[in-house]
Amino acid sequence: MSKKRDEVLLNEQIRAPQVRCIGDDGTQYGIISRDEALDIAEEKGLDLVLIAPDANPPVCKIMDYGKFKYQQEKKKKEAKKKQKQIEVKEIKLSVKIAQNDIDYKIKHAREFLEKGKHVKFRVFLRGREMAHPEAGIEVLNKVIPMIEDIGTIEKKPHLEGRYVNMMVVPKKEEKKK
């Protein structure tokens, strides 16, 4: 059984002897026996759905459960469509990188930031460079002033294993009036 099915009890799965029943059109049937509520639901060709199991007595609603479930799924899909997917681009640097190479990589980083993507700068520390991680931090500190106008430093340069990482996100645009 799926998780959703476990959450919602229908028809005969409802064990409470007395329930507060609400009709499909919002009609209040009041507190009636479960069997009586099931009869009303069956008469209308609908399901009896437990909507508030913790209430005293539990609250049930007469509805078309298939249609209800379909609408819930539809709402979920709509919400998922409206979510914004964040793309992270990674730019790798080294401790012994030349200035013109830094400039070239910064040009690409600026393009990514203009497109609204996040940029992760990584300096890989090889061999003996691990003894001096501050050299990697220095390289990233050179990069900061070159991208400050277009991006915001989300995570300052910090050591993670063999990498010195820094995360940059695009600057928020002020809404034009």
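Quick notes
- Meets criteria (at positive phi, of a type outside the set (S, T, N, Q) and modelled with pLDDT of 85 or more) for G45: yes
- Members of the range 9-25 found to be under 17 Å from L46 (Cβ atoms) and hydrophobic (A, V, I, L, M, F, W, C), listed by number: L9, L10, I14, V19, C21, I22
- Test: Y70 is in contact with a Gly (Cβ under 7 Å, 6 or more places away or on another chain), among the hydroxyl-bearing types (S, T, Y) and not assigned by TED's automatic domain parsing to the domain that holds I147: no
The values are calculated or read from the model by the stated rules, or taken from the named source; none is laboratory data. Please read all numbers here as calculations on a predicted model, not as lab measurements. No Cβ is skipped: glycine too gets one built from the backbone with ideal geometry, and neighbour counts run over all protein chains shown.
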